[in-house]
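Let me begin by presenting the structure, written as structure tokens, before commenting on it.
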Amino acid sequence: MMDTASSPLSLQSQKTSFQDLPEASPKPYKKGFVATLMGGASTNPSFKEDNYFVSLLRSSEKKALQELKEKLKASFEDSPSDASMWGIPLLGGDDKADVILLKFLRARDFRVGDALHMLVKCLAWRKEFGADTILEEDLGFKELEGVIAYMQGYDKEGHPVCYNAYGMFKDKEMYERVFGDEEKLKKFLRWRVQVLERGIKVLHFKPGGVNSLIQVTDLKDMPKRELRVASNQILSLFQDNYPEMVARKIFINVPWYFSMLYSMFSPFLTQRTKSKFVISKEGNAAETLYKFIRPEDIPVQYGGLKRPSDLPNGPPKPASEFTIKGGEKVNIQIEGIEAGATITWDIVVGGWDLEYSAEFVPNAEGSYIIAVEKPRKMGASEEAIHNSFTSKESGKMVLSVDNTASRRKKVAAYRYVVRKSSTI
């Protein structure tokens, strides 16, 4: 009979002297190019999402919302059904319509005339572009799915997460294949809108709900000059037609020159805009992403446990997070493993650059410790370990990560499942 067992677990830390320390428990589960990338969105983890409860708006904002409704109704008096977005009638007078209207008002600082102009143009664009039916189209970019731009998982607050990584386009052949002429560029832009629409489809559009996305942009190897035209067009489309859809923009693997240019642009950005930015230099991707996203939802290439082969249906087994200080060795002990049981585990340390090993320690005196994975140095860019072991006798599994050669504190995560033997 097969079942999942939650074995007793302890997590032990050791300094370089290997003196015993108190147990460390895992955390509980709970236009230039730079301007282009940043447009439309400082390290501010406490960013609060906008309020969409009409009762909590200031009187001037309530007045602007009512005025926008009246002007929109007058503009679509002959064709009210055309005033619809994401399947939500904007003249219906319900909470969902209010959420959308407030997004356009906030994008224009509650200037009703400007918000109406933006909204009417957006509705016309969606009709001409065919945005409402774009999810049904096969645009033929299978090689880019899950690599260049893709929706994957949610952050800790329930926002869908969109990952963007354009490093693949440093390959000139790939660049020409996708952006070689104007028609190819138009097709790519259409595909990029399709990716965004997938994320918007799962938004709640209701007060107190999840009404925006998180964007994670990987700047590693991004060919900034070659992508300037495409970036400008993507930005223009998103700014004009998807206002206030991004709750936070996280930039990872940021090169030194990007950080320098950001410091130059920063004084000219509003505090509201800056509050949406998180800038993370190269090598700090996992440390940054763990602040906002659960490890099991972070792709393995960024120090998480999420693999493309993971089943899309049902949440993955939650991971436990912990930190490894500089000069410290951590032993994760998974106890209570019965004879014949199989234990499967995932473990990762952000920016590894340390030694990892795994061994099985039998309970019986006189039995030999089994080196399941011999000590080996893990490179900085190595992905999560995934392994299994079937025990012939009862005992415990010990996963060790040795950071004694480093002074740097690192974030880490692991998860495991124990399946009892099917033999009675």
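Beyond 22 Å between alpha-carbons counts as too far, so tell me which of Lys184/Lys274; Lys396/Lys420; Lys170/Lys281; Lys392/Lys420; Lys103/Lys274; Lys71/Lys274 fall in that bin.
Working: Lys184/Lys274 33 Å; Lys396/Lys420 14 Å; Lys170/Lys281 20 Å; Lys392/Lys420 12 Å; Lys103/Lys274 18 Å; Lys71/Lys274 32 Å.
With Cα atoms farther than 22 Å apart: Lys184/Lys274; Lys71/Lys274.
Can you give me the relative contact order of the range 51-129 as a percent, contacts being Cα pairs under 8 Å and 6 or more apart?
On the way: 59 pairs, mean separation 24.2, N = 79.
31 percent.
Using a cut-off of 12 Å between beta-carbons, work out the net charge of the residues near Asp346 (Lys and Arg +1, Asp and Glu -1, Asp346 not included). List each step's numbers first, then the result.
On the way: positive: Lys306, Arg307, Lys317, Arg415; negative: Glu296, Asp310, Glu383.
Charge balance in the 12 Å sphere: +1.
Only loop residues by DSSP count here, and only those with at most 11 other Cβ atoms within 10 Å; note down the trypsin sites (Lys or Arg not before Pro) in the range 57-132 that meet that.
Values: sites: Arg58, Lys62, Lys63, Lys69, Lys71, Lys73, Lys96, Lys103, Arg106, Arg108, Arg111, Lys121, Arg126, Lys127; in loops: Arg58, Arg108, Arg111.
Answer in residue order: Arg58.
What do you get for Rg/Rh over the range 320-419 if you use C-alpha atoms and the Kirkwood form of Rh? Kindly include the intermediate steps, with their values, before the conclusion.
On the way: Rg = 13.7 Å, Rh = 13.9 Å.
Using Cα coordinates only, the ratio equals 0.99.
What distance in nm lies between label points placed 7 Å from Cα along the C-beta direction at Leu189 and His386?
3.8 nm
Quick one: of the DSSP bridges fully inside the range 152-300, what percent are antiparallel, nearest 5? Each step should come with its number before you reach the end.
On the way: 1 of 16 bridges.
The antiparallel fraction comes to roughly 5 percent.
Along the range 286-291, what does the Karplus equation 6.51 cos²θ - 1.76 cosθ + 1.60 (θ = phi - 60°) give for ³J(HN,Hα), rounded to whole Hz, x for Gly and Pro?
Karplus-based 3J(HN,Hα) across the range 286-291 equals 4, 4, 6, 5, 4, 5 Hz.
Take Tyr368 and Lys172, extend 7 Å from each Cα along the Cα→Cβ direction, and tell me the distance between the two endpoints in nm.
Distance between label points: 5.7 nm.
So, with a 1.4 angstrom probe, what is the percent of accessible area on the range 320-419 that is carbon and sulfur? Can you show the working numbers first?
Details: 1980 of 4490 Å².
That fraction is 44 percent.
If you take every DSSP beta bridge whose two residues both sit in the range 118-240, what share of them, in percent to the nearest 5, is antiparallel? Walk me through the intermediate numbers first.
Values: 4 of 9 bridges.
Within the range 118-240, antiparallel bridges account for around 45 percent of the total.
On a full-extension model of 0.36 nm per residue, what is the gain between Ala405 and Arg307, subtracting their alpha-carbon distance, rounded to one decimal in nm?
Taking 0.36 nm per residue and subtracting the Cα distance, the gain is 32.4 nm.
Please state the relative contact order of the range 249-381 as a whole percent: Cα pairs under 8 Å, 6+ residues apart? Before the final figure, lay out each step's value.
Working: 135 pairs, mean separation 24.0, N = 133.
With pairs under 8 Å counted, the relative contact order is 18 percent.
In whole Å, how far is the Cα centre of the range 311-376 from that of the range 106-179?
That distance is 40 Å.
Before anything else, pin down the relative contact order of the range 320-419: Cα pairs under 8 Å, at least 6 apart, normalised by residue count, whole percent. Walk me through the numbers on the way to the answer.
On the way: 244 pairs, mean separation 50.9, N = 100.
Dividing the mean separation by the residue count of the range 320-419 yields 51 percent.
Leaving out ligands, DNA and RNA, what percent of the accessible area of the range 51-129 is carbon and sulfur, probe 1.4 Å? Don't jump to the answer; show the numbers that get you there.
Numbers: 2110 of 4310 Å².
Roughly 49 percent, rounded to a whole number.
Quick check on my link table: of Lys276/Lys306; Lys306/Lys377; Lys121/Lys291; Lys317/Lys377, which ones sit more than 31 Å apart, alpha carbon to alpha carbon?
Values: Lys276/Lys306 25 Å; Lys306/Lys377 22 Å; Lys121/Lys291 37 Å; Lys317/Lys377 27 Å.
The pairs that break the limit, which is 31 Å between Cα atoms, are Lys121/Lys291.
Once the Cα gyration tensor of the range 99-170 is found, what semi-axes does its equivalent ellipsoid get, as square roots of 5 times the eigenvalues, in whole Å, sorted largest first?
On the way: eigenvalues 174, 69, 31 Å².
Equivalent-ellipsoid dimensions as semi-axes: 30, 19, 12 Å.
Can you work out the Karplus-derived ³J(HN,Hα) for every residue in the range 356-363? Use 6.51 cos²θ - 1.76 cosθ + 1.60 with θ = phi - 60°, whole Hz, and x for glycine or proline.
The phi angles translate into 10, 7, 9, 9, 9, 10, x, 6 Hz.
Given a Förster distance of 22 angstrom, what is the FRET efficiency for Gln66 paired with Arg272, based on the Cβ-Cβ distance and rounded to 0.05? Let's see the in-between values first.
On the way: r = 23 Å, r/R0 = 1.06.
After rounding to 0.05, the efficiency reads 0.40.
Please identify every one of the GluC sites (Glu not before Pro) in the range 354-424 that sits in a loop by DSSP and has no more than 10 other beta carbons within 10 Å of its own beta carbon.
Numbers: sites: Glu355, Glu359, Glu365, Glu373, Glu382, Glu383, Glu393; in loops: Glu365, Glu382, Glu383, Glu393.
Counting only loop positions with at most 10 other Cβ atoms within 10 Å, the GluC sites (Glu not before Pro) in the range 354-424 are Glu365.
Report for the range 234-379 the percent antiparallel among DSSP-assigned beta bridges with both residues inside it, nearest 5.
Values: 6 of 11 bridges.
Just about 55 percent of them are antiparallel.
Sorted by average packing, counted as other Cβ atoms within 10 angstrom per residue and highest first, what order do 167-179, 147-159 take? List each step's numbers first, then the result.
Details: 167-179: 14.4, 147-159: 18.2.
Per-residue mean Cβ counts within 10 Å order the peptides as 147-159, 167-179.
What are the equivalent ellipsoid semi-axes of the range 233-309, built from the alpha-carbon gyration tensor (square roots of five times its eigenvalues), in whole angstrom, biggest first? All intermediate terms of the calculation are to be shown ahead of the outcome.
Working: eigenvalues 121, 63, 27 Å².
That gives 25, 18, 12 Å for the three semi-axes.
What is the Cα radius of gyration of the range 51-129 over 2.2 N^0.38 Å, N being its residue count?
1.02
The values are calculated or read from the model by the stated rules, or taken from the named source; none is laboratory data. Because the structure is a prediction, the values reported are computed rather than measured. Cβ sites come from the backbone with ideal geometry, for glycine too, and all protein chains shown count toward neighbours. Side chains included, ligands, DNA and RNA excluded: accessible areas come from the protein's heavy atoms. Shrake-Rupley method; radii C 1.70, N 1.55, O 1.52, S 1.80 Å.
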